[in-house]
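FYI, it's all coordinate maths here, none of it is from the lab. None of these values were measured; they are calculated from a predicted model. Methodologically, a virtual Cβ is constructed for each residue, glycine included, from the backbone with ideal geometry; neighbour enumeration extends over all protein chains shown.
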Amino acid sequence: MEQQQYHYTENSGSVKKPENRFLRIWGPVLIKWGVGMGVSMLAMMIYMPDASRSAGLAAEAAEELMRYATPIEGIAAFLTIPILLVMFHQDTIKEKLLGLAANKKASLWKYAAILVMTAAMTLGLNNLIELGGLMKVSEEYEDTMNSLYAAPFPMQILCLGILIPICEELVFRGLMFRRLRQGGTFMAAALYSSFVFGFLHVNMVQMLYGFILGFTFCYLYEKYGSVKAPVFAHIVSNILSVVLTEFHAMEWMSAKPIRIGTITVACASAASAMYVLIQRIEEQPRKMDITV
């Protein structure tokens with residue numbers, strides 16, 4: 001994965017004024033955060049309009065709204081996605097005008113490897129968290145999971161399994177990683193965006209979990225040449241987590257150490273095999289036909 005250096009110039013040949021790098025990299029994150037805050041505040045005002053008059057009422061309203069964390073985050077993601085798609089499309093146009101070569105797009109049938117690898121990684125990581133007792137160590141993680149999975153199952157599938165993954169992939173891979181990648185190496189861009197992705201999950205368990213999956217999603221974006229790859233992987237991961245929780249699969253697996261141990265080893269083997277297949281995908285940039 002070679003370093004790609006891109007130089008932005010006007011069509012006339014004059015040097016373009018440099019963009020604010022902070023806003024370029026962090027702008028999508030700030031937009032997502034702003035929309036999320038706006039939706040949360042609106043929900044609080046609707047649910048408890050007098051909460052702003054008293055700190056006690058505000059705290060009570062915030063705690064009560066935690067029960068509705070899933071629909072609130074789903075609505076915020078739904079409102080943010082169109083904005084992010086416009087930004088993503090603008091980046092694509094800019095790259096074409098500048099003659100920047102995009103990586104080849106992998107064939108559709110190769111997405112089967114993403115399905116198997118992501119499912120195996122998700123199940124394996126959840127098992128390791130269970131085996132390591134990390135859920136009990138982080139009270140914040142346990143509270144967050146209880147809040148998110150308190151919603152009805154169909155709402156969890158829609159919000160946690162579809163809307164939120166699409167929104168987060170556009171922010172952290174489609175925009176942040178892609179923009180960092182334009183001026184640097186894959187490793188630097190992937191580490192930076194994955195660290196931010198994990199850090200913003202707040203609690204230590206989700207930070208580690210988010211960093212590992214975030215780096216994997218960057219790798220898939222690089223190899224498959226399309227943001228559809230990490231979006232698909234993220235959706236698979238989240239839906240699987242929702243299903244495992246809904247049907248108490250973790251309790252069943254952890255009931256017997258040999259059972260959860262065997263499943264974890266099988267997951268590691270499956271994920272490794274799919275990684276070998278994905279590694280063989282040729283991601284060299286394709287030539288672009290530029291028409292200005």
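Figures for the structure shown
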| read-out | value |
| --- | --- |
| Label-point separation, MET135 to VAL202 (7 Å along Cα→Cβ), nm | 1.9 nm |
| Out-of-range pairs (alpha-carbon distance over 18 Å; input LYS32/LYS223; LYS96/LYS223; LYS104/LYS223) | LYS32/LYS223; LYS96/LYS223 |
| Of the chymotrypsin sites (Phe, Trp or Tyr not before Pro) in segment 105-178, those whose Cβ has at most 14 other Cβ within 10 Å and which sit in DSSP loop | none |
| Nitroxide proxy distance, nm - points 7 Å out along Cα→Cβ at ASN146 and PHE247 | 2.6 nm |
| Efficiency of FRET from Cβ geometry, MET66 and LYS256, R₀ 30 Å, rounded to 0.05 | 0.35 |
| Cα-only radius of gyration and Dmax that characterise segment 153-274, units Å | 15.6, 49 |
